[in-house]
Amino acid sequence: MENRTKHLFLTGFCLAQVMAFAPQVFAQERDDWPLIEPDVKPVPVNEALIDTENFEIGAFLGVINIEDFESSFIYGGKLTYHLSETFFFEAGIGFAEGGQTSFENLAGNVQVLTDSEREYRYYNINLGYNLLPGQAFFSENYAFNTNFYLIAGAGATDFGGDTRFTFNAGAGYQVLLTDSLAIDIGVRQHYYRIDVVGAEKTSMNTEIRTGLSVFF
Amino acid sequence: MPIVILLLMLCLPGMTWAGWLWGDDEPEQRVRVVEPFVVWRTGPAVGYPVFHSSEKGEWLTLLQRKTGWMKVRDKKGREGWVAVAAIAQTQDATGENVNLSVPDMKAFSDRKFEAGILMGEFEGSPVTAGYGGYWFTPNLAAELWGSQVLGSASEILMVNANIVHQPFPHWRVSPYFTLGVGHIWVDPKATLAVPEERDNTVGHAGLGLRAYITERYFIRAEFKDYKVFTSRSTNEEATEWKIGLSIFF
């Protein structure tokens, strides 16, 4: 009996509660006015927050044919600034070591250059031109942006105890694996005057290289 | 295929720390197309094919910029490249045209920093030079130069500081005058009979021309007359001309 009274009382109380709150709930749903005014101001685009990737830094390795001194392994680095979609500046350095001349090989115990003079170093500053931008397709799932570029410039070569003004020109093919990572293969021809084996003459050094670079 | 996976794995660390380095919490930069449409290309150059276009009213998120191109993402997650000139015609959340700096002739006249590489001849020998300059006023700048001269008899290194005055900063082709001092190191070739290393103070005066091309770059050409102050009874004189490409900020 006591239980029954409690039950009736509580049911009545609960119902009363629901009745008391329900209109408010329904009223809220019907009302178009939000309880909290949105405090969001439209934000203008801030250019400084957009990442610009006009610089590129990279490393390369390859083979260079040093005239009269065999072909050698070469490695180096480059820093590129993209002026526009077609033109870019590139500063590069390269390191190699000259081998033996055929005279040294035939005559036996003769050294034309000391070991330190055989160290081959160059730096150059170049202007590049993206001649053929395009896409390359790898299997059916991947498409990569590519650039075939021409490049030419000047700098200096340090070899045979001498530093010589050097022109260089070449071409390369760059494949962008992502928007900020690229691989490329290239050929460069270096021209300079040198007198390390007798009379002064033009030395032509062909370089074949492959590199990896990151945009930032 | 394994090579592609390997290379992609190589870039993974870069992608993860890039977010930490630049900060992921930056607000998204979004613009709304107001022209009838903008075209999307697969890469940042006109040579890349158009593969998509966004119509009037669509919102685009600006991701990154390469030279004159902006990488964008739409609400479906597609990504592509749109010309910055086209983005400059869109509106941001305020309803105003997007404020993007498109370098032009005015930016050239208002530049604060410039840097460049020039090549030419110093007393008949090839010279390669690099410089950086700061503009105090539209007419007056200070510059720092480094040069390497590779002659058949010697190698010369030079460091110079000079002030530049340009009387007509708003001209597209603008002449200027320079005056400065520096130091010269002369390293004769070892093959010479009497190699004599020298280093001397130099003073120089010159005149030149800047010609604005487009975007952020201009051609610069100049002629300089150097006075080398030696410890001997007579001073030496040298002339130099060079031409090159510069960028400004």
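Scanning region B:35-60 for residues being in a loop (DSSP other than H, G, I, E, B) and away from every other protein chain (no Cβ under 14 Å) gives a total of 5.
When you scan region A:82-104, do you find a residue that is farther than 30 Å from B:Leu245 by Cβ, in contact with a helix residue (DSSP H, G or I) (Cβ under 7 Å, 6 or more places away or on another chain), surrounded by fewer than 20 Cβ atoms within 10 Å (Cβ to Cβ) and not polar (S, T, N, Q), even just one?
yes
Sort out which residues of region A:55-104 are in contact with a Ser or Thr (Cβ under 6 Å, 6 or more places away or on another chain), assigned to a loop (DSSP other than H, G, I, E, B) and within 22 Å of B:Gly130 (Cα to Cα), and write them in order of number. Scanning region A:55-104 gives a single hit, A:Ser84. For A:Thr163, the conditions (1) under 20 Å from A:Phe60 (Cβ atoms); (2) modelled with pLDDT under 90 all hold with the exception of (1).
In this structure, A:Leu132 does not satisfy being surrounded by fewer than 16 Cβ atoms within 10 Å (Cβ to Cβ) and more than 9 Å from chain B (Cβ to nearest Cβ).
Yes or no: region A:66-81 includes at least one residue that is within 20 Å of A:Gly160 (Cβ to Cβ) and within 13 Å of chain B (Cβ to nearest Cβ). No: zero hits.
To keep it simple, each residue is scored yes or no on (1) exposed (fewer than 14 other Cβ atoms within 10 Å of the Cβ); (2) on the phi > 0 side of the Ramachandran plot; (3) assigned by TED's automatic domain parsing to the domain that holds B:Val34.
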residue: B:Gly77; (1), (2), (3): yes, yes, yes
residue: B:Ala85; (1), (2), (3): yes, no, yes
residue: B:Ala93; (1), (2), (3): no, no, yes
residue: B:Glu96; (1), (2), (3): yes, no, yes
residue: B:Lys112; (1), (2), (3): yes, no, no
residue: B:Ala115; (1), (2), (3): no, no, no
residue: B:Met119; (1), (2), (3): no, no, no
residue: B:Glu123; (1), (2), (3): no, yes, no
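When B:Thr178, B:Thr234, B:Thr239 are checked against the criterion of being hydroxyl-bearing (Ser, Thr, Tyr), in a strand (DSSP E or B) and without any contact (Cβ under 8 Å) to a residue 60 or more places away in the chain, a single residue qualifies: B:Thr178. For region A:158-198, the set of residues classified as within 30 Å of A:Gln111 (Cβ to Cβ), more than 9 Å from chain B (Cβ to nearest Cβ) and polar (S, T, N, Q) consists of A:Asn168, A:Gln189, listed by residue number. The number of residues in region B:40-51 that are within 13 Å of B:Arg78 (Cβ to Cβ), open to solvent by 10 Å² or more (accessible area, probe 1.4 Å) and of a type outside the set (Lys, Arg) comes to 2.
The values are calculated or read from the model by the stated rules, or taken from the named source; none is laboratory data. Please read all numbers here as calculations on a predicted model, not as lab measurements. Using ideal geometry, Cβ is built from the backbone for each residue, glycine included, and neighbour counts are taken over all protein chains shown. SASA here: full protein model, heavy atoms, side chains in, ligands and nucleic acids out. Shrake-Rupley method; radii C 1.70, N 1.55, O 1.52, S 1.80 Å.
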